[in-house]
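The values are calculated or read from the model by the stated rules, or taken from the named source; none is laboratory data. Small disclaimer: the values here were computed from a predicted structure and weren't measured. Reconstructed Cβ throughout: ideal geometry from the backbone, glycine too, with neighbour counts over all protein chains shown. Each accessible area value is taken on the protein alone, full model and side chains, heavy atoms only, with ligands, DNA and RNA left out. Shrake-Rupley method; radii C 1.70, N 1.55, O 1.52, S 1.80 Å.
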Amino acid sequence: MKKAVDKLAKTLDGQRWGSLWVSVLSIVLSMICASVILLIMGKNPLVAFQSFLQGAGFWPKTSYGGGSGMLTDLFSFLNVLAPMILASLSFIVGFKAGLFNIGISGQMLASGYLAISIVGYSGLSAVLAKPLVILVGVVAGGLLGAFVGFLKYKFNIHEVVSTIMVNYIISYLTGFFINTYHADALTRSMKICGSNARLTWTNVQLAGVKCNIPLGIVLALIAAFVVKFIFDKTVFGFELRAVGQNPTCARYTGIKVGSRIMASMMLSGMLAGLAGVTYYCGYYNTIVPKTLPDLGYDAIAVALLGNSSPIGAIFAAILISIFQTGSNYMSSSLGVAKEIASLITGILLLFSACGGFFRLLAHRRLERLADEAAPSAPETGKEGGPHAG
């Protein structure tokens with residue numbers, strides 16, 4: 001047992017793969033905790049996890065409705081995955097620069113509302129409408145992010161405080177305009193976006209089943225690699241990371257810290273805007289008044305689980321999205337409340353936040369092992385030298 005713990009400590013403390021194994025450890029611990037909870041509820045954890053996979057389209061169900069199949073569920077999963085990746089990238093960009101963008105939900109909502117109200121009800125052809133939806137989302141999210149960055153730079157208002165306040169403002173403003181001008185008479189939600197502007201091709205026949213194919217997944221994957229390139233290969237990305245690690249030192253070296261704070265929040269908002277239009281003009285296709293999307297907060301768990309890495313965020317988003325999209329099927333097949341998926345996501349967030357603590361414990365254990373293995377110094381006599389007296 002001791003050898004296994006020592007080997008785990010060496011793995012977690014590794015410079016190259018340590019962060020990856022911290023994520024793996026967080027997932028394993030989360031699955032163990034979730035399994036214990038399910039066992040207490042009298043449910044089989046293996047059956048529960050299989051039902052999550054079935055609901056997300058990664059495992060065949062026992063039966064399907066007319067015109068649907070495993071591909072239908074898989075493409076529905078991709079519809080959720082796209083905004084999840086983009087929202088997590090939004091958080092990562094701000095986090096790398098030392099900022100905590102908790103306003104992703106508000107930026108998503110504002111971008112989605114403006115895209116639907118400006119383009120979604122227009123008679124433009126799909127060739128023009130779809131790029132315009134993307135453009136509106138990017139511009140709206142970027143302006144909101146830049147505004148928060150300006151408040152941080154000019155007045156030193158903490159971005160957590162300002163983004164929370166902006167979230168409330170956006171929620172009530174969009175709710176007012178939806179209820180006044182765009183509410184559906186039956187559902188009281190916003191009227192649905194026109195198919196010409198929607199970023200999902202609906203009811204496409206594939207292998208004999210109907211599928212909703214998301215355009216957003218392509219945007220999300222491209223964005224992930226662009227963000228990785230920015231931080232790994234460009235001076236701008238290096239300056240953002242420098243500001244995040246030590247703004248005083250960055251200012252001393254000549255980096256314009258204020259402008260970089262604004263730029264990072266603007267880029268973060270642009271990605272949140274993309275997440276908003278792929279969510280509201282793709283997967284969800286409408287807006288419920290005065291309701292912020294939970295996905296904006298789940299993206300924080302995704303980013304932390306992926307170690308603030310754009311590529312890691314893709315795999316973390318896949319895991320979290322499996323729980324989100326498979327929750328309904330799991331609930332119906334096991335008779336368990338679907339909120340268990342949110343509970344598992346919360347546990348994942350908890351263990352992901354402890355990643356630095358896990359690595360600290362591993363490093364301390366290795367230091368103790370090194371001290372125990374070091375040869376003892378020879379005892380010296382009182383008058384001088386080991387042979388004195």
Q) Across segment 262-287, what is the total count of residues that are in contact with a strand residue (DSSP E or B) (Cβ under 8 Å, 6 or more places away or on another chain) and either of a type in the set (Phe, Trp, Tyr) or farther than 17 Å from Val119 by Cα (or both)? A) 1
Q. Could you list, in sequence order, the residues of segment 169-178 that are more than 21 Å from the chain's Cα centre (by Cα) and either polar (S, T, N, Q) or open to solvent by 80 Å² or more (accessible area, probe 1.4 Å) (or both)?
A. Ile169, Tyr172, Leu173, Thr174, Phe176
Q. With (1) open to solvent by 10 Å² or more (accessible area, probe 1.4 Å); (2) at pLDDT 85 or above as the list, and Gly356 as the residue in question, which single condition is left unmet?
A. (2)
(Q) Could you tell me how many of the residues in segment 139-153 are under 20 Å from the mean Cα position of the chain (by Cα) and either open to solvent by 30 Å² or more (accessible area, probe 1.4 Å) or over 13 Å from Ile104 (Cα atoms) (or both)? (A) 1
Q.
Quick check on segment 188-208: of everything there that is loosely packed, with under 14 Cβ neighbours inside 10 Å and part of a strand (DSSP E or B), which residue is nearest to the chain's Cα centre (by Cα)?
A. Thr202
(Q) If I filter segment 107-128 for residues that are of a type in the set (S, T, N, Q), under 15 Å from the mean Cα position of the chain (by Cα) and crowded, with 24+ Cβ neighbours inside 10 Å, do I get at least one hit? (A) yes
Q) If you go through segment 167-187, how many residues are of a type outside the set (Asp, Glu) and assigned to a loop (DSSP other than H, G, I, E, B)? A) 3
Q.
I'm trying to understand the selection: among the residues of segment 73-90, which are farther than 12 Å from Ala224 by Cβ, of a type outside the set (A, V, I, L, M) and touching a Ser or Thr at 6+ places or on another chain (Cβ under 7 Å)?
A. Ser76, Phe77, Asn79, Pro83
(Q) Taking the conditions exactly as written (modelled with pLDDT under 95 and either crowded, with 19+ Cβ neighbours inside 10 Å or part of a helix (DSSP H, G or I) (or both)), does Leu86 satisfy them or not? (A) no
Q.
Given the criterion at pLDDT below 85, crowded, with 22+ Cβ neighbours inside 10 Å, polar (S, T, N, Q) and on the phi < 0 side of the Ramachandran plot, identify the matching residue among Thr345, Thr325, Thr380.
A. Thr345
Q) All but one of (1) under 29 Å from Phe77 (Cβ atoms); (2) part of a loop (DSSP other than H, G, I, E, B); (3) not acidic (Asp, Glu) hold for Phe231; which doesn't? A) (2)
Q: Would you check which residues across segment 89-106 are open to solvent by 10 Å² or more (accessible area, probe 1.4 Å) and touching a Pro at 6+ places or on another chain (Cβ under 9 Å) and list them?
A: Gly98
Q. Using beta carbons and a limit of 6 Å, which pairs, at least six apart or on different chains, have the first residue in segment 303-331 and more than 15 Å from Phe351 (Cβ to Cβ) and in contact (Cβ under 8 Å) with a residue 60 or more places away in the chain and the second one of a type in the set (Phe, Trp, Tyr) and open to solvent by less than 40 Å² (accessible area, probe 1.4 Å)?
A. Ile322/Phe52; Thr325/Phe77; Gly326/Phe52; Met330/Phe52
Q) Of these, Gly98, Gly69, which one is in contact (Cβ under 8 Å) with a residue 24 or more places away in the chain and either more than 28 Å from Ile192 (Cβ to Cβ) or out of contact with any strand residue (DSSP E or B) (no Cβ under 7 Å at 6 or more places or on another chain) (or both)? A) Gly98
